[in-house]
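Note sheet for the following structure.
The values are calculated or read from the model by the stated rules, or taken from the named source; none is laboratory data. Source: prediction; values computed, not measured. As a convention, Cβ positions derive from the backbone with ideal geometry for all residues, glycine included, and neighbour counts pool all protein chains shown. Heads up: the accessible areas ignore ligands, DNA and RNA and are worked out on the full protein's heavy atoms, side chains in. Shrake-Rupley method; radii C 1.70, N 1.55, O 1.52, S 1.80 Å.
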Amino acid sequence: MRVASTLLGLSLLAACTSEFTFTDSVNSRLYEFKPRAEFGDELSTPYVLGAQFEVFVEDNDQETDFVDWKVESTDPKVLQLRAAPYRMGAHILAVEVAAAGEGVTELLLRDTSGAIRGSAAVEVKRPTRAKLFAAPIYALDNPDFRGETPRPRIVVGGTATFAVEYLHNDIRLQGSTDIQAVGSTAIDAAVRHSELVDNRNWLQVSVGAEGRHSAELWLGDLLVEQIDIHGVRPSMIAGVELIDGDPITPDELAGEWLLVAQAVAEDKEPIYGVDFDWALPDRGFTEPGDVFIYEHDPDQEFRRVTARAYGVESGVSVRIAAGEPASSNDTSLTCSVTGGPAPWALGLLLLGLRRRRRD
């Protein structure tokens, strides 16, 4: 969403800005595999204070090589260029930026003569609160069920990971920031950073005792959120939900599919931090996890995949050629990715999955 700016009359540039597309690394998933223009001429503004990301400028006509072109911020106190622009491709210019302070500014694209050829408005806001969303449910990108967990229940001895979304009052802010987690006695809370999934922060919590605990999220000396966390006994687990995908297009009928296992209590509320043992009729697996990624093969007979934890299990029949369990706590999802994402994490992004309850 673009923001109104009093810094520059965009109408004066209307004749030329359509030549160039401004996008960023915050919400343009897997951008390296698609032309920037496919995401539309939009930045993910407003950004959370402290966010660091890349902005990409693409010549829609594929004519400009951007040699000696420049990008500048009209107010470096709001949006700071961390390094000189560089060419990401033959017709793509990229620049690393930091959301340094609250306010509104613009990015200006200048050609070799110094003339302004394009612009994009940017707004930065400090977070006043935060929301948590359970991983990997959050990555399924389902508008009907995003896995929001304001007061998560976590099994004693377990570890759970949550995506952190920042808000300024009711306005959602984009990107990750240098947030710090402080946990009360008997819990271990840490914030991890992900370049893979929406440039997102992830809160990872381990619970060592039953009862009520808390974790605080701090941005510098600003308390952004205090989170109530409840440690629960494994005996509270009353059922297991299996969440799988519904293929919508022919392309989704083949390839890697995903099952997500979710423990629930008698009141049907989720219990997080549970590792499940997975099995096929002819095979068990040594590694536990809360997700199961498998190769869908429409020519295969249906086989039942089961997930079991603390004496409770659930199963679903799928056409499967091969599969392996994985964990939403896997650091290849929740940490900075330098060597490439885990296959199941990539599958989370590529599959248009919808929630389905299983017995």
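Search the range 270-296 for residues being loosely packed, with under 15 Cβ neighbours inside 10 Å and among the charged types (D, E, K, R), and hand back the single one that is nearest to SER206 (Cα to Cα).
The residue in question is GLU287.
Here are some residues: VAL182, VAL191, VAL207, VAL224. Which one is farther than 28 Å from GLN52 by Cβ, at pLDDT 90 or above and out of contact with any helix residue (DSSP H, G or I) (no Cβ under 7 Å at 6 or more places or on another chain)?
Values: VAL182 fails: farther than 28 Å from GLN52 by Cβ; VAL191 fails: farther than 28 Å from GLN52 by Cβ; VAL224 fails: farther than 28 Å from GLN52 by Cβ.
Matching residue, one of VAL182, VAL191, VAL207, VAL224: VAL207.
Answer yes if at least one residue in the range 151-159 is closer than 30 Å to PRO288 by Cα, in a strand (DSSP E or B) and of a type in the set (A, V, I, L, M), and no otherwise. Steps first, answer last, please.
Step one: of the range 151-159, the residues closer than 30 Å to PRO288 by Cα are 151-159.
After this cut, where a residue has to be in a strand (DSSP E or B) as well, the list is 153-155, 159.
Those still in the list that are of a type in the set (A, V, I, L, M) too: 154-155.
Within the range 151-159, one or more residues are closer than 30 Å to PRO288 by Cα, in a strand (DSSP E or B) and of a type in the set (A, V, I, L, M).
Find the residue count for the range 156-180, including only residues that are buried (at least 24 other Cβ atoms within 10 Å of the Cβ) and among the acidic types (Asp, Glu).
0
What do you reckon, is ASP228 touching a residue at least 60 places away in the same chain (Cβ under 8 Å), open to solvent by 30 Å² or more (accessible area, probe 1.4 Å) and more than 27 Å from VAL312 (Cβ to Cβ)? Lay out the reasoning, then the answer.
On the way: touching a residue at least 60 places away in the same chain (Cβ under 8 Å): yes; open to solvent by 30 Å² or more (accessible area, probe 1.4 Å): yes; more than 27 Å from VAL312 (Cβ to Cβ): no.
Judged against the criteria, ASP228 is not a match.
What are the residues in the range 95-122 that are of a type in the set (A, V, I, L, M) and either open to solvent by 30 Å² or more (accessible area, probe 1.4 Å) or within 27 Å of the chain's Cα centre (by Cα) (or both), if any?
Taking the range 95-122 as the starting set, the residues that turn out to be of a type in the set (A, V, I, L, M) are 95, 97-100, 104, 107-109, 115-116, 120-122.
Within the range 95-122, VAL95, VAL97, ALA98, ALA99, ALA100, VAL104, LEU107, ALA115, ILE116, ALA120, ALA121, VAL122 qualify.
Looking only at the range 121-155, count how many residues are touching a helix residue (DSSP H, G or I) at 6+ places or on another chain (Cβ under 7 Å) and modelled with pLDDT of 95 or more.
The qualifying residues number 1.
Could you grab me the full set of residues in the range 227-253 that are part of a loop (DSSP other than H, G, I, E, B) and either among the charged types (D, E, K, R) or modelled with pLDDT under 95 (or both)?
So in the range 227-253, the residues part of a loop (DSSP other than H, G, I, E, B) come out as 233, 237-238, 245-249.
Matches in the range 227-253: ARG233, GLY245, ASP246, PRO247, ILE248, THR249.
Which residues, taken from the range 41-94, are in a strand (DSSP E or B), open to solvent by less than 70 Å² (accessible area, probe 1.4 Å) and farther than 25 Å from SER113 by Cβ?
Once the filter is applied, which keeps residues that are in a strand (DSSP E or B), open to solvent by less than 70 Å² (accessible area, probe 1.4 Å) and farther than 25 Å from SER113 by Cβ, the range 41-94 yields TYR47, VAL48, PHE53, GLU54.
So which residues in the range 164-182 are without any contact (Cβ under 8 Å) to a residue 40 or more places away in the chain and either in a strand (DSSP E or B) or closer than 14 Å to VAL207 by Cα (or both), if there are any at all?
Passing the criteria: GLU165, ARG172, GLN180, ALA181, VAL182.
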